[in-house]
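The block underneath contains the structure these notes are about, expressed in structure tokens.
The values are calculated or read from the model by the stated rules, or taken from the named source; none is laboratory data. Computed from a prediction, not measured in an experiment: that's the story for all the values here. Please note: Cβ atoms are built from the backbone with ideal geometry, for glycine as well, and neighbour counts cover all protein chains shown. The area values use the complete protein model at the heavy-atom level, side chains included, leaving out ligands, DNA and RNA. Shrake-Rupley method; radii C 1.70, N 1.55, O 1.52, S 1.80 Å.
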Amino acid sequence: MKISTTKRLERLNERYGNGDVSRRTFLTLTAAAAASAGLSTPWMGRALAAATEVRFDGWGGVVQEAIDKYAFQPYTQKTGIKVVQGTFGDEDEVITKIKTSKPGDFQVIHSSGVNYYIKYVNAGVNAEINEANIPNMVNVLEPMIEPFRKITPKIGAVPYDYGTTGIAYNNKVISDDEAREKGVGLLFDQKYAGKVGGYADMTTRVWYAALQTGQDPNNIQDMDAVWAKVRENRDLAKKFWSSGAELMDLLSKGEIVVTDAWSGRVAALQQQGQPIGYIDPKGSYAWMEDMLVLKGSPMAECEEMINFMLEPATSIAVAEGQNYPPSLDPTKVKLTEKIEKLPAFDPTGSMKALTFADPIYWANNEDAWSKQWDRISKGA
């Protein structure tokens, strides 16, 4: 007996729900049936849109330009799947939007590592990836993956790059010798009052105030001393910047002569011939970034895209374009001389020379410290 197209679609949907057919096969068959009969079903619009597009949100600027040029455009040419891109300047803002959006509205986030991963997990919006569908993960640094597994054994994010927030300074005003001698103290030097900058987020401000008071940022014993230093730094600052583009603009125009700064953005300025020095004082803030997949995302397409991004040739090209070392293990994958010269690059692959935030410690203090930073940033 000949069955109707509608009944055929319903049976396909049931088989897909039972796991009897792959998502890609399901999408192919439903698309073909819909095209021939002009029919639509409740699940088809979402599924077909997911088959042709993946939503990505990142930091914008030179970082996202490099990802788009060396990863997304070739990926689209290879697969036909379009990467629809959005940008954000503050990841906490995008997390707030995700919490109030429908599953699938946001899909892949270029996220700020484990200390942000725990926020997505606590909000219940993280997906679980099938690592078998991302075979290129075999080349990813295990010390970068391990912290994610400690939070969720079945991870929803794949490390992609890393860097440091060290101290950048104008070499026309501050010598390399002075920078090395004073280290973090440059951010608190009265000599540069009105010419100091810094990233406008709580973590960075608390981290460097802790270092300046001689404390471990992952085990602070005297928060009163830290907040006093945060205020001192605020009063010396000309401006706290909120994006990499703003950081580069302030440094290149000489509006600030010293600031904590993202290593890749400093590398970009140096490549442009700007007289900017950079140091990573002991204990300076190191971070990793990951490709995080959210609930409601088209998992097969997202996993395929991330696997493509981790192809050594692709990952190396992106790293050179954005000036941040890739998550590829240098003991397994031959990296380029340019990458090996980038600030923060760890040739050993152990990551032991870098100091990362303890995600549990910082998550436990996030609310209280953020409220206090908000008050201080407004003049309290």
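Ranked by solvent-accessible area (1.4 Å probe, protein heavy atoms only, all chains present), the residues 338, 371, 150 order from largest to smallest as 150, 371, 338. Annotation: extensible slack from residue 132 through residue 282 equals 50.2 nm (criterion: 0.36 nm per residue apart, minus Cα-Cα distance).
Ranked by the mean number of other Cβ atoms within 10 Å per residue, highest first, peptides 273-279, 305-311, 221-227 order as 305-311, 273-279, 221-227.
Using Cα pairs under 8 angstrom and six or more residues apart, how large is the relative contact order of the chain, in percent? Walk me through the numbers on the way to the answer.
On the way: 584 pairs, mean separation 96.0, N = 380.
Relative contact order, the chain: 25 percent.
For residue 62, the shell of other residues with beta-carbons less than 11 Å away shows a net charge of 0, using +1 for Lys and Arg and -1 for Asp and Glu. This structure gives P(r) over Cα pairs in 20 Å bins from 0, in percent, computed directly, and of (i) 22, 45, 30, 2; (ii) 29, 56, 15, 0; (iii) 27, 53, 17, 3, 0 that value is listed as (iii).
Running a GNM on the chain with Cα contacts under 10 Å, which residue among 208, 361, 160 ends up with the highest mean-square fluctuation? Per the Cα network of the chain with a 10 Å cutoff, 361 tops the list. At a probe radius of 1.4 angstrom, the accessible area of the chain per residue rounds to 44 square angstrom.
In summary, the lysines within cross-link reach of residue 282, defined as a Cα separation below 16 angstrom excluding same-chain residues under 8 places away, comprise 182, 352.
Could you tell me the calculated FRET efficiency between residue 231 and residue 175, based on Cβ-Cβ distance and R0 = 22 angstrom, to the nearest 0.05? Once the sixth-power term is evaluated, E becomes 0.20. Amide hydrogen proximity for residue 171: with H placed 1.01 Å from N in the peptide plane, the residues at 5 or more positions away or on another chain lying under 5 Å are 276, 277. Within straight-line reach of residue 69, meaning a Cα separation under 16 Å, sit the following lysines at least 8 residues removed in sequence or on another chain: 78, 82.
Couplings for the stretch 264-277, taken from phi via the Karplus curve 6.51 cos²θ - 1.76 cosθ + 1.60 with θ = phi - 60°, read x, 5, 5, 4, 5, 5, 4, 5, 7, x, 6, x, 10, x Hz in order; Gly and Pro are left as x.
Rolling a 1.4 angstrom probe over the stretch 154-221 with all protein chains present gives an accessible area of which 42% lies on carbon and sulfur atoms.
Taking the Cβ of residue 208 as the centre, find all other residues whose Cβ is under 14 Å away and add up their charges (Lys, Arg: +1; Asp, Glu: -1).
Net charge around residue 208: 0.
Within the accessible surface of the stretch 318-370, defined with a 1.4 Å probe on protein heavy atoms only, the carbon and sulfur portion equals 50 percent. Computed about its Cα centre, the charge dipole of the chain is approximately 1060 debye, with only Lys, Arg, Asp and Glu carrying charge at their Cβ. On the basis of the beta-carbon distance and an R0 of 22 Å, residue 150 and residue 346 show a calculated FRET efficiency of 0.65. Across the stretch 145-157, rounded Karplus estimates of 3J(HN,Hα) from the backbone phi angles (6.51 cos²θ - 1.76 cosθ + 1.60, θ = phi - 60°) give 6, 3, x, 5, 5, 5, 8, 9, x, 9, 7, x, 8 Hz, Gly and Pro being marked x.
In a Gaussian network model over the chain where Cα atoms closer than 10 Å are linked, find which of 348, 259, 204 has the largest mean-square fluctuation. Comparing 348, 259, 204 in a Gaussian network model of the chain, the most mobile one is 348.
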